[in-house]
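Below is one structure, written out as structure tokens; comments come after it.
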Amino acid sequence: MDFLELLYRRESIRNFLDRKVERTKIERCLEASRLSPSACNSQPWRFIIVDEPNLKSEIAKATFSKLVSFNRFAQTAPAFAVIVAENRNLGSKFGGMVKDIPYHLIDIGIAAEHFCLQAVEEGLGTCMLGWFNEKRIKNLLDIPKKERIALVIALGYHDNKEPRKKIRKDLDSIRTYNKY
């Protein structure tokens, strides 16, 4: 599909259908992420795909609590991509320290969006989750204590025929040319 159409169709889905996601589609989403750029080509990520029903249910429960319930919809997601922030290479790490910019988190954001855009192309929906019980998910997935989970992406089929209207700032409020 046309790239701008793809961007219009990409949205945060919060109502998944009870339908398993084919691994061939997940693999194409992962390939899109693998091809994403990163500072000094450090590729500071590892994707853990969770699609086993019982484990998936436990991951979903780790994305909300009694006090913070806005991710409760995650219980309907047929799969999750848990993105672990991996070690960066020396160039990226040094550059990030000197410039005081977390390049590895920018890189993970780019890789995550590549994943989500490919999901749209595959007829799937996603929702990036930044709120989750990291300790619980690390225990469930045997992630070493020294590692950090950067993001969790809910993934699955949905019945949204047409995407919601995007409410965004207009171009004049977000851009200038040649000076602030």
**Study point:** Residue that is farthest from Pro44 (Cα to Cα) [pool: residues in the stretch 129-171 that are assigned to a loop (DSSP other than H, G, I, E, B) and of a type in the set (A, V, I, L, M)]
**Key:** Ile167
Point to revise | Test result for Arg19, more than 21 Å from Ile149 (Cβ to Cβ), without any contact (Cβ under 8 Å) to a residue 60 or more places away in the chain, touching a strand residue (DSSP E or B) at 6+ places or on another chain (Cβ under 9 Å) and surrounded by fewer than 17 Cβ atoms within 10 Å (Cβ to Cβ) | key: no
Check your understanding: Going through the stretch 52-77 one residue at a time, which ones are surrounded by 13 or more Cβ atoms within 10 Å (Cβ to Cβ) and over 15 Å from the mean Cα position of the chain (by Cα)?
Key -> Leu55, Lys56, Ser57, Glu58, Lys61, Ala62, Phe64, Ser65, Arg72, Phe73, Gln75, Thr76
**Study point:** Residues (touching a strand residue (DSSP E or B) at 6+ places or on another chain (Cβ under 8 Å) and surrounded by fewer than 17 Cβ atoms within 10 Å (Cβ to Cβ)) located in the stretch 126-140
**Key:** Met128, Gly130, Glu134
Review point. Within the stretch 145-161, can one find any residue that is surrounded by 10 or more Cβ atoms within 10 Å (Cβ to Cβ), aromatic (Phe, Trp, Tyr), touching a Lys or Arg at 6+ places or on another chain (Cβ under 9 Å) and under 22 Å from Ser33 (Cα atoms)?
Key: yes
Exercise for review: Kindly provide the set of residues from the stretch 55-85 that are part of a loop (DSSP other than H, G, I, E, B) and either under 12 Å from Ile137 (Cα atoms) or in contact with a helix residue (DSSP H, G or I) (Cβ under 9 Å, 6 or more places away or on another chain) (or both), ordered by number.
Suggested key: Ala62, Thr63, Phe64, Asn71, Ala77, Pro78
Check your understanding: Do you know which residues across the stretch 39-51 are farther than 14 Å from Glu86 by Cβ and either surrounded by fewer than 20 Cβ atoms within 10 Å (Cβ to Cβ) or touching a Pro at 6+ places or on another chain (Cβ under 6 Å) (or both)?
Key -> Ile49, Asp51
Practice item. Could you tell me whether the stretch 107-125 includes any residue that is farther than 22 Å from Arg9 by Cα, surrounded by 13 or more Cβ atoms within 10 Å (Cβ to Cβ) and not small (Gly, Ala, Ser)? Key: yes
Study note, to complete from the structure: In the stretch 35-51, residues that are touching a residue at least 40 places away in the same chain (Cβ under 8 Å) and either within 27 Å of Thr76 (Cβ to Cβ) or of a type in the set (Lys, Arg) (or both) total 5
Exercise for review: Test each condition in (1) among the small types (Gly, Ala, Ser); (2) assigned to a helix (DSSP H, G or I); (3) modelled with pLDDT of 95 or more; (4) surrounded by 15 or more Cβ atoms within 10 Å (Cβ to Cβ) for Gly96 and report the one that comes out false.
Suggested key: (3)
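The values are calculated or read from the model by the stated rules, or taken from the named source; none is laboratory data. The model shown is predicted, which means the values in this text are computed figures rather than measured ones. Ideal geometry is used to build each Cβ from the backbone, glycine not excepted, and the neighbour counts take in all protein chains shown.
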